[in-house]
Amino acid sequence: MSLPVKDLDKSKEFFAKLGFTFNPQFTNQSAACMVISEDNYAMLLVESFFKTFTKKEIANAQKSTEVIVALSEESKAKVDEMLGKALAAGAREPREPQDHGFMYGRSLEDLDGPIWEIFWMDPQAINQS
């Protein structure tokens, strides 16, 4: 996944406060490889560099939504912890928490506007499907 960002340094600082790290091998002044997990990464690309990958206009995520990124956590408490860090780092919570018993989720808008859904799902509910 690649996301356009207006200010790479501010975006790296924001996501570092949420606990993410960056792979220096794929990070420079135009891009940063954010490590989400051992198998998941997001490339944060300054808008001018992002534009080299597409002929389409970059959506203004402050005004419209094109994608929602979902990340799972191991517990409801970890969801709340992540949102606490995000809000303290400057994120906005665009809606109320969603608690369905077997699944719990909260949303955040990062500094550039994309929405991230942070959720937990009871493993027993998955196994019963």
Inset, instruction - Give just the number: which of (1) touching a residue at least 12 places away in the same chain (Cβ under 8 Å); (2) assigned by TED's automatic domain parsing to the domain that holds residue 85 does residue 6 not satisfy? - result: (2)
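Among the candidates 91, 70, which residue alone is over 22 Å from residue 7 (Cα atoms) and modelled with pLDDT of 95 or more? I'd like the intermediate steps shown before the answer.
Numbers: 91 fails: over 22 Å from residue 7 (Cα atoms).
Only one candidate passes the filter, namely 70.
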Inset, instruction - Working only within region 1-31, note down all residues that are under 19 Å from residue 109 (Cα atoms) and of a type in the set (A, V, I, L, M, F, W, C). - result: 1, 3, 5, 8, 14, 15, 16, 18, 20
Legend entry - Set 3, 18: member being crowded, with 16+ Cβ neighbours inside 10 Å and either in contact with a Leu (Cβ under 7 Å, 6 or more places away or on another chain) or modelled with pLDDT under 95 (or both): 3
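Every residue, every condition in (1) in the same structural domain as residue 11 (by TED's automatic domain parsing); (2) touching a residue at least 24 places away in the same chain (Cβ under 8 Å); (3) of a type in the set (A, V, I, L, M, F, W, C), yes or no:
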site	(1), (2), (3)
28	yes, no, no
39	yes, no, no
42	yes, yes, yes
86	no, yes, yes
105	no, yes, no
112	no, yes, no
115	no, yes, yes
Legend entry - Residue that is nearest to residue 90 (Cα to Cα) [pool: residues in region 4-38 that are part of a strand (DSSP E or B) and touching a helix residue (DSSP H, G or I) at 6+ places or on another chain (Cβ under 8 Å)]: 5
Inset, instruction - Would you mind stating whether residue 46 is touching a helix residue (DSSP H, G or I) at 6+ places or on another chain (Cβ under 8 Å) and touching a residue at least 40 places away in the same chain (Cβ under 8 Å)? - result: yes
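The values are calculated or read from the model by the stated rules, or taken from the named source; none is laboratory data. Everything numeric in this text was worked out from a predicted model, so none of it was measured. Because the Cβ atoms are built from the backbone with ideal geometry, glycine has one as well, and the counts that use them run over all protein chains shown.
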